1. Look through 86, 158, 140 and report the one residue that is within 12 Å of ligand 1 (Cβ to nearest atom), open to solvent by 60 Å² or more (accessible area, probe 1.4 Å) and on the phi > 0 side of the Ramachandran plot.
2. Which condition breaks for residue 78 when tested against (1) touching a residue at least 60 places away in the same chain (Cβ under 8 Å); (2) surrounded by 15 or more Cβ atoms within 10 Å (Cβ to Cβ)?
3. Under 9 Å by Cβ, and 6 or more places apart or on different chains, what pairs join a residue from the stretch 136-151 that is in the same structural domain as residue 164 (by TED's automatic domain parsing) with one that is part of a helix (DSSP H, G or I) and not hydroxyl-bearing (Ser, Thr, Tyr)?
4. Among (1) at pLDDT below 95; (2) in a helix (DSSP H, G or I); (3) of a type in the set (Lys, Arg); (4) within 16 Å of ligand 2 (Cβ to nearest atom), where does residue 9 come up short?
5. Keeping to the stretch 31-58, report how many residues are open to solvent by 50 Å² or more (accessible area, probe 1.4 Å), within 16 Å of ligand 1 (Cβ to nearest atom) and at pLDDT 90 or above.
6. Look through the stretch 121-134, keep the residues that are surrounded by 16 or more Cβ atoms within 10 Å (Cβ to Cβ) and touching a strand residue (DSSP E or B) at 6+ places or on another chain (Cβ under 6 Å), and return whichever of them is farthest from residue 71 (Cα to Cα).
7. Checking the structure you have, find out if any residue of the stretch 221-229 is open to solvent by 30 Å² or more (accessible area, probe 1.4 Å) and in a strand (DSSP E or B).
8. Residue 106 fails exactly one of the following numbered conditions: (1) out of contact with any strand residue (DSSP E or B) (no Cβ under 9 Å at 6 or more places or on another chain); (2) assigned by TED's automatic domain parsing to the domain that holds residue 195; (3) at pLDDT 95 or above. What is the number of that condition?
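The values are calculated or read from the model by the stated rules, or taken from the named source; none is laboratory data. Predicted, not measured: the structure shown is a model, and the values here were computed from it. Cβ placement follows ideal geometry from the backbone for every residue including glycine, while neighbour counts extend to all protein chains displayed. What goes into the accessible areas is simple: the full protein's heavy atoms, side chains included, and nothing from ligands, DNA or RNA. Shrake-Rupley method; radii C 1.70, N 1.55, O 1.52, S 1.80 Å.
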Amino acid sequence: MLRIAIQTKGRLNEESVELLKEAGITVNEDKRKFLAKSADFPIEVLFLRDDDIPQTVAMGAADIGIVGYNEVKERGFDVEILKKLSFGACRISLAVPKNVDYNSLSYFNGKRIATSYPNILKEFFKEKGINGEIHTIAGSVEIAPAAGLADAIFDIVSSGSTLVSNGLKEVEKVLYSEAVLIGNRGLSADKKALVEKLLFRFESVQMGRGKKYILMNLPDSAVDEAIGILPALRSPTIMPLAQKGWCSMHSVVNENELWDKIDKLKEIGAEGILILNVEKIVA
Ligand code: PRT
Ligand code: ZN
């Protein structure tokens, strides 16, 4: 039995639960319960505050966990990063009041910087030879400059609108982060085998994301050109139609290239183009 720690509530909870679900692991998500068993995979889910997930995994109270890379880095516990999960993307940046004439990092020498990520900032300043005064505060870091508590902040940014609405501007992007699957370093062979199974499922889910299945009718004479437009996992599937001189071609395309490919396929004579969702790709 494997134990995975995920965030109870907050920005990573929903997508963590969704990823597990798409990987065939459904949990009775009674949020008041702190431990939930899955009916369809030998796994139990432990719901925690994100701050506690790296330590819980490092100590082995959970075998694996889903948490922001920023938390892993800040807490400094020795865990293995098993997989980047492509959600919860953000960066941790230095920001200053918007009227500051900022030129270089040396601006931060002797300045007070408010943050909830003192360790990451300490390391960054050390590496760059900057002597800033780091003030650790727990919540609402972005109001510190206006409140006269700090000259600058070091905080998570995603769209940047929180900075703007607090009269701040981002001047240095220090760390890029996304949700990661972390693992305890001393897992038994049995548990490792279960983790491998899970990773394989996560990969299939991720590969299917943003993909569309496309099928169309095509004159035989256009097949070579169509293959050039639509490279597939191995190569597109081509089947003859009852009508002579025509075939049906099936392939998988990235959603962001879909319309461009459809335009090109129509130009070479494709008809009856059908687009379907791809749920998973088991490579
Ligand atoms: O209760 P718990 O301790 O579990 O949660 P939490 O409140 O500590 O964390 P939570 O749920 O806010 O964030 C969890 C993780 O999501 C973070 O550790 C990051 O890895 C990731 N993440 C991604 C973010 C953001 N994007 C984000 N935008 N975490 C926080 N923010 C905040 C940021 O602090 C700032 O206040 O959103 C604001 C900025 O957003 P923009 O879009 O205005 O720039
Ligand atoms: Zn937290």
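1. Details: 86 fails: within 12 Å of ligand 1 (Cβ to nearest atom); 158 fails: on the phi > 0 side of the Ramachandran plot.
It is 140.
2. For residue 78, the exception is condition (2).
3. Correct list of pairs: 136/118; 142/163; 149/143; 150/141; 151/108.
4. Residue 9 satisfies every listed condition except (2).
5. From the stretch 31-58, those open to solvent by 50 Å² or more (accessible area, probe 1.4 Å) are 31-35, 37, 39-40, 42, 49, 52, 55; that's our starting set.
Now narrow it down to the ones that are within 16 Å of ligand 1 (Cβ to nearest atom): 31-32, 34, 49, 52, 55.
Now drop any that are not at pLDDT 90 or above, which leaves 49, 52, 55.
Adding up the residues that qualify gives 3.
6. Result: 132.
7. Quick first cut of the stretch 221-229, residues open to solvent by 30 Å² or more (accessible area, probe 1.4 Å) only: 221, 224-225, 227-228.
If we keep only those that are in a strand (DSSP E or B) too, we end up with none.
Looking through the stretch 221-229, none of the residues is open to solvent by 30 Å² or more (accessible area, probe 1.4 Å) and in a strand (DSSP E or B).
8. With (1) out of contact with any strand residue (DSSP E or B) (no Cβ under 9 Å at 6 or more places or on another chain); (2) assigned by TED's automatic domain parsing to the domain that holds residue 195; (3) at pLDDT 95 or above applied to residue 106, the lone miss is (2).
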